[in-house]
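The values are calculated or read from the model by the stated rules, or taken from the named source; none is laboratory data. Bear in mind that the values here come from a model prediction, so they are computed numbers and not experimental data. Please note: Cβ atoms are built from the backbone with ideal geometry, for glycine as well, and neighbour counts cover all protein chains shown. Just so you know, the surface numbers come from the protein's heavy atoms only, side chains and all, with ligands and any DNA or RNA stripped out. Shrake-Rupley method; radii C 1.70, N 1.55, O 1.52, S 1.80 Å.
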Amino acid sequence: MELRQIQYFIEVAKREHFTEASHNLHVAQSALSRQIANLEEELGVSLFIREGRNVKLTAVGRIFLQHMEMAVSEIEKAKQKIDEFLDPERGTIRVGFTSSLAANPLPTVISGFRARYPDIGFQLKQGSYQGLIDSVINGEIDLAFLGPVPTQEKNVRSHIFFAENIVALLPARHPLAKQPNLRLNQLQEDTFVLFPPGFILRNIAVNACSQMGFAPKVAFEGEDIDAIKGLVAAGLGVTLLPELTLTDNVPRETVKIPISEPLVQRTVGIIIPNNRELPPSEKLFYHFLKEFFDVLSKYS
């Protein structure tokens, strides 16, 4: 079984048409048909059902396609890693992030890094908190921006860049909207707009309320920060959000107010795998991040 045969098979499966596949592969249709026939003979099964000029995968063909796509993907990753070792400044960095870090600081640090290493590319993955931790552990990505930074996960190494306050976001017409700050129990009679159960920012908000002796009355839930902001702007409740998510981005008809009690914060930083070495390009990015935030902390 040759890699070329696998690539031909995947293309025919995708196009469901030998002529279209041969045009896209820039090979003669007869040569393509011969390679597929050789592959089927080697495997001892039919991969396609011929329906006039079109073809459909057989049941075993669908199984074979699933595994071959994963195999080709792994081969491409291996070639990419070899290219990175040969020239780390032309690699591709796979990095994850949560939605609360999408607008700040991720674009700023990537822009700074690209100014220094313009030929390095990025594959960005937005995901849930636990999902990104799992992705780093199992090798889908090599680094992830998280807040708060996990400190008890033995399979990743964590580096904290800074801590930020969690603040209250209130409708502009809320009775406490003109307060310079507030104690969290002043909101115990309000309805809250929070992330769904299982989201880390939901846990932070619920735990903060618990410290002040009450459970928040959750009227609305949303998985998107902008949606939560919009519900607050519509006067449908109050929420607690990381201050970074409101930097230059406080919606109209809302106000952000610092929380004086309890002190609610989260750490922000990055995780990398504990069981494998970072590829060269990712290593450049990791060291750049530490340098970037070290310099930033000296001026803040």
Show me the helices (runs of 4 or more DSSP H) found entirely inside segment 1-51 where at least 3 residues are touching a residue at least 40 places away in the same chain (Cβ under 8 Å).
3-15
Could you tell me whether any residue of segment 176-183 is closer than 16 Å to ILE270 by Cα, open to solvent by 40 Å² or more (accessible area, probe 1.4 Å) and not hydroxyl-bearing (Ser, Thr, Tyr)?
no
What tally of residues in segment 125-164 results from selecting those that are more than 22 Å from ILE225 (Cα to Cα), of a type in the set (Gly, Ala, Ser) and in a loop (DSSP other than H, G, I, E, B)?
1
Test set (1) surrounded by 14 or more Cβ atoms within 10 Å (Cβ to Cβ); (2) closer than 30 Å to GLN126 by Cβ; (3) in contact with a Gly (Cβ under 9 Å, 6 or more places away or on another chain) - VAL45 fails condition number:
(2)
Checked pairs for segment 207-227, first free of Cβ contacts under 8 Å to residues at least 12 places away in the same chain and in a loop (DSSP other than H, G, I, E, B), second surrounded by 14 or more Cβ atoms within 10 Å (Cβ to Cβ) and among the acidic types (Asp, Glu), C-beta under 6 Å and 6 or more apart or across chains, list as none
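Among the residues of segment 111-119, is there at least one that is in the same structural domain as PRO273 (by the TED database), in a helix (DSSP H, G or I) and in contact with a Pro (Cβ under 6 Å, 6 or more places away or on another chain)? Spell out how you get there, then give the answer.
Filtering segment 111-119 for residues in the same structural domain as PRO273 (by the TED database) gives 111-119.
Okay, now just the ones that are also in a helix (DSSP H, G or I), so 111-116.
Right, trim to in contact with a Pro (Cβ under 6 Å, 6 or more places away or on another chain) and you get none.
No, there is no match, as no residue in segment 111-119 is in the same structural domain as PRO273 (by the TED database), in a helix (DSSP H, G or I) and in contact with a Pro (Cβ under 6 Å, 6 or more places away or on another chain).
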Kindly provide the set of residues from segment 97-117 that are under 22 Å from the mean Cα position of the chain (by Cα) and either loosely packed, with under 14 Cβ neighbours inside 10 Å or within 30 Å of ALA13 (Cβ to Cβ) (or both), ordered by number.
PRO107, THR108, SER111, ARG114
Checking PRO197 against (1) in a strand (DSSP E or B); (2) open to solvent by 40 Å² or more (accessible area, probe 1.4 Å), only one condition comes out false. Which one?
(1)
Considering only residues that are closer than 26 Å to HIS159 by Cβ, part of a strand (DSSP E or B) and open to solvent by 30 Å² or more (accessible area, probe 1.4 Å), which ones fall in segment 248-274?
GLN265, THR267
